[in-house]
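Report on the structure given below.
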Amino acid sequence: MLQIVNPALELAIITTKPEEMLRFYRDVLGFGYQMRLDFPSPSGNQDLGVPRGFQHRLHAGGMLIKLIHCPGADIRPAVPERAYARTGMRFLTVVVSNLREAIEACRAGGGKVLHELSEYEGAVHYAFVADPDGNEIELAGAID
């Protein structure tokens, strides 16, 4: 069994648009910027097959989002499809207190609204947006 030290998970997003993605996650979603890490590191993670590149690290609540860019690597873009089209980890959920405002900020800030504001069972309100790479983000929360 795992003996987890940090109760929050870390999410790595591979991107070919690092500056667009950084602007979206930092400036539109409001995630806090921690740092940039270049790799492979001088102390050597070359044995892991890590290509040259960097990651922007951002905080979202207790979670860490890692936007990873490897310019020389053979990276194929993901096939855009809705979250429920196949198995696997498919979207990130962010619970907010300003749901309508968050949806509009995404729309105005380079994201795409995939599913407008909806209600589930009279209790949960949500919408789905996509970041500049097309990754789905569920925005959820109560509305007034």
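The values are calculated or read from the model by the stated rules, or taken from the named source; none is laboratory data. These numbers were taken from a predicted model, which means no experiment stands behind them. Here the Cβ positions follow ideal geometry from the backbone for every residue, glycine too, while neighbour counts run over all protein chains shown.
Tally time: how many residues in the range 1-15 are in a loop (DSSP other than H, G, I, E, B) and surrounded by fewer than 15 Cβ atoms within 10 Å (Cβ to Cβ)? Matching residues across the range 1-15 total 9.
Residues in the range 97-144 that are of a type in the set (S, T, N, Q) and part of a loop (DSSP other than H, G, I, E, B) were compared, and the one that is surrounded by the most Cβ atoms within 10 Å (Cβ to Cβ) is N135.
Scanning the range 85-116 for residues that are touching a residue at least 24 places away in the same chain (Cβ under 8 Å) and of a type outside the set (A, V, I, L, M) gives R90, F91, T93, S97, N98, R100, C106, G109, G110, G111.
Scanning the range 16-38 for residues that are of a type in the set (A, V, I, L, M, F, W, C) and either in contact with a strand residue (DSSP E or B) (Cβ under 7 Å, 6 or more places away or on another chain) or in a loop (DSSP other than H, G, I, E, B) (or both) yields M21, L22, L29, F31, M35, L37.
Residues that are crowded, with 16+ Cβ neighbours inside 10 Å and either at pLDDT below 90 or at positive phi (or both) occur in the range 35-50; there is at least one.
One residue stands out in the range 51-79 among those that are of a type in the set (V, I, T) and more than 16 Å from M89 (Cα to Cα): the one that is surrounded by the most Cβ atoms within 10 Å (Cβ to Cβ), namely I68.
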